[in-house]
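Let me begin by handing over the structure; questions about it come next.
The values are calculated or read from the model by the stated rules, or taken from the named source; none is laboratory data. Since this is a predicted model, take the numbers as computed values, not measurements. With ideal geometry, Cβ positions are generated from the backbone for all residues, glycine too; neighbour counts draw on all protein chains shown. Heavy atoms of the whole protein, side chains included, go into the accessibility calculation; ligands, DNA and RNA do not. Shrake-Rupley method; radii C 1.70, N 1.55, O 1.52, S 1.80 Å.
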Amino acid sequence: MLDPVDWDEFRIEAHHMLDDMIDYVEHIRERPVWQPIPGEVRDLFREALPARPSALASAHETFMRAVLPYATGNVHPGFMGWVHGGGTPVGMLADMLAAGLNANLGGRDQMPIEVEKQVLQWVRQIFGFPDAASGLFVTGTSMANFISLIVARTGRLGAGVRKSGMHERRLTAYASSSAHGSIAQALDLSGMGIDALRVVPVNERFEMDVAALAEAVKKDRQAGHMPFFVAGTAGSVDTGAVDDLDAIADFAKREGLWFHVDGAYGALGMLAPDIAPRLSGIGRADSIAFDFHKWGQVPYDAGFVLVRDGELHRSAFASDAAYLRRESRALAAGSPWPCDFGPDLSRSFRALKTWFTIKVFGTEMIGQAISGTCELARHLRKRIEKTDRLELLAPVSLNIVCFRYKCEDPDRVNAEIVARLQESGIAAPSTTVLDGRLAIRAAIVNHRSNRSDIDAFVDAAIDLGNALTRGEYGN
Ligand SMILES: *Cc1c(COP(=O)(O)O)cnc(C)c1O
């Protein structure tokens, strides 16, 4: 009863929608990266719960007028804020197909799960993991980090911990001060508590100080704690730093710790021959968390968790609910199911847009897009080094550049530069704080960005800095 009454009319409207979104991506450069949302536009989405139907065309029109122009802008090549992927029209179409199929990938014997298993097999290949490794699409790396921590905990204490809980056992985990907040959150959600995370200092390149890690573990053992988990970062969210994964792997092996890699955006650098050597050691991880929706350019959301010991992974999540009974034939066959490897039962078909992306572009083109963002970051670094009024605030390791305009009140001025840049629609960097100093942070992730986007960004940043500090430089 919720299907169209007039399929022909529906089809025409559907084609309009498709054309609108193809136009949006094709002509994205003609738009501002981001623009402030007018009050009356916001108000359109504060209406009462509608009891009566309205026309599809009218809902579409509201979307075009009030939603589409006011998104974050991460499709736009001038977007450099946080670490957002740009997506592709191919991924968009695949998502439409997935929505049409309305598949639930919690389990059961269906081809969509075979597609997910195909991507898992490709992921094993990317990282050199064995066939026994398990993996799963999840929302994002935040969830993938959490799942990895739970598997590691179960590995350390045995599956009995799922029933008995932690009791007085004081497990401790380790990550650097540059690690993403979702690592601490994972300890929080697990019930181990954020204090169970030991924050290891970083060196001048913002990489984990492995000697300090060893010191922290030793101290904890002496105090009667149970060190069990160390998370290395492959592409830190602030500066793009890559921890010395080989050194952490060696240490974790010696100490019997679970070696996890948060490679949210950086891990897929494995697809770029010039970046992959920087990730040396990632293939030795016990678990890897990463996102296809960042450097992989798959539309949101498409996080992934990969676990070397698939049997342990299953033992950390599988349950024997009667309504999830498995059979040897028909629809309830195909055990184990994806729901045996994580907390989600109903799961969307994230695998399809990822399969389409990899299949249509191939890993070489995706790798070139990744390399390209790093090359643009080096171009931006050179422009900063050549400009007296700008200074770099962190080494440029991959695709993230942190810098600031030099002046008397740099924290205020640089925050203002970033806000005005965003409001101008020219570029959308974000900010971070490094060693107590506010930085303009450009994370170049979008495959559409090119040199002219970088030049427009840095020129506008300099102009804004000059205007905001009028007088300081005699201008
Ligand atoms: C983005 C990011 C995360 C979080 O990933 P989500 O997909 O947003 O959940 C974790 N770690 C790092 C290093 C990141 O860049």
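Spelling out what I want: for every residue of the range 450-460, take phi, set θ = phi - 60°, compute 6.51 cos²θ - 1.76 cosθ + 1.60 (Karplus), and round to whole Hz; glycine and proline get x.
9, 4, 5, 5, 5, 5, 4, 5, 6, 4, 5
Farthest toward the dipole's positive end in the chain, which of Ala71, Asn203, Met92, given Cβ charges of +1 (Lys, Arg) and -1 (Asp, Glu) about the Cα centre?
In the chain, that residue is Asn203.
Rounded to whole Å and ordered largest first, report the semi-axes of the equivalent ellipsoid of the range 374-433 derived from its Cα gyration tensor (root of 5λ).
Taking √(5λ) for each eigenvalue gives 19, 15, 10 Å, largest first.
Counting alpha carbon pairs within less than 8 Å and at least 6 residues apart, what relative contact order, in whole percent, applies to the range 394-451?
Once normalised by length, the contact order is 36 percent.
Cα to Cα, under 19 Å, and not fewer than 8 places away if on the same chain: which aspartates and glutamates meet these conditions relative to Lys406?
Glu385, Asp388, Glu391, Glu416, Asp435, Asp455, Asp459, Asp463, Glu472
Per-residue HN-Hα couplings for the range 171-187, Karplus 6.51 cos²θ - 1.76 cosθ + 1.60 at θ = phi - 60°, whole Hz, x for Gly and Pro?
Result, ordered by residue: 6, 10, 10, 9, 8, 7, 5, 8, 5, 6, x, 5, 6, 4, 4, 4, 5 Hz.
Also, I was wondering about something else. Going by Cα centres, the range 401-443 and the range 7-22 are how many Å apart?
41 Å
Please work out the ratio of the alpha-carbon Rg of the chain to 2.2 N^0.38 Å and round it to two decimals.
Relative to the rule-of-thumb radius for its length, the chain sits at 1.05.
Expected output is a single nm value to one decimal: the length gained when fully extending between Met226 and Met17, i.e. 0.36 nm times separation in residues minus the C-alpha distance. What is it?
Working: separation 209, 0.36 × 209 = 75.24 nm, distance 5.59 nm.
Working it through step by step, the gained length comes to 69.7 nm.
Using a 1.4 angstrom probe on the protein heavy atoms only, line up Arg170, Arg153 by accessible area, largest first.
On the way: Arg170 120, Arg153 30 Å².
Ranking Arg170, Arg153 by accessible area, largest first, yields Arg170, Arg153.
Still on this structure, please answer the following. Using the Kirkwood radius built from alpha carbon pairs, what does the Stokes-Einstein equation give as D for the range 402-469 at 4 °C and 1.567 mPa s, in µm² per second?
In µm²/s, the coefficient is 107.
Trp258's amide H: which non-local residues (gap 5+, or another chain) put their own amide H closer than 5 Å, with H modeled 1.01 Å from N in plane and none for Pro or chain starts?
Counting only residues 5 or more places away or on other chains, the set is Phe229, Val230.
Tell me which residues come under 5 Å, amide H to amide H, from Val202 once H is placed; ignore anything under 5 positions away on its chain.
For Val202, whose amide H was placed from the backbone, the distant partners under 5 Å are Ser177, Asp209.
Now for a separate question. Ranked from highest to lowest mean number of other Cβ atoms within 10 Å per residue, what is the order of the peptides 15-24, 421-430, 249-258?
Descending packing order for the listed peptides: 421-430, 249-258, 15-24.
If you don't mind, another one. Based on the mean of other Cβ atoms within 10 Å per residue, sort peptides 457-469, 96-108, 266-278 so the most packed one is first. Write down the numbers at each step before the final one.
Numbers: 457-469: 19.0, 96-108: 15.9, 266-278: 21.6.
Output ranking for 457-469, 96-108, 266-278: 266-278, 457-469, 96-108.
Please list 401-408, 124-131 highest first by mean number of surrounding beta-carbon atoms within 10 Å per residue.
Ranking the peptides 401-408, 124-131 by packing returns 401-408, 124-131.
Now for a separate question. Per the Kirkwood treatment, what hydrodynamic radius in Å, one decimal, follows for the range 104-348 from the mean inverse distance over all distinct Cα pairs?
This gives a value of 18.3 Å.
Which far-off residues, 5 or more places away or on another chain, put their amide H under 5 Å from the one on Lys406, with H placed in the peptide plane?
Hits under the 5 Å cutoff: Leu390, Glu391.
Moving on. List, in order, the whole-Hz ³J(HN,Hα) value for each residue of the range 319-325 obtained from phi through the Karplus relation with A = 6.51, B = -1.76, C = 1.60 and θ = phi - 60°; use x for Gly and Pro.
Coupling constants for the range 319-325: 9, 10, 4, 4, 6, 10, 4 Hz.
Moving on. Can you give me the % of accessible surface on the chain that is carbon or sulfur? Probe 1.4 Å, all protein chains present, nothing else counted. The partial results should precede the final answer.
Values: 11770 of 22100 Å².
Solvent-exposed carbon and sulfur of the chain make up 53 percent of the total.
Which whole-angstrom value gives the distance between the alpha carbon centres of the range 232-282 and the range 303-360?
First find each Cα centre; the distance between them is then 26 Å.
Quick one: Cα convex hull volume of the range 168-263, Å³ per residue?
Values: hull volume 7.9 nm³, N = 96.
In the range 168-263, the Cα hull volume divided by residue count equals 83 Å³.
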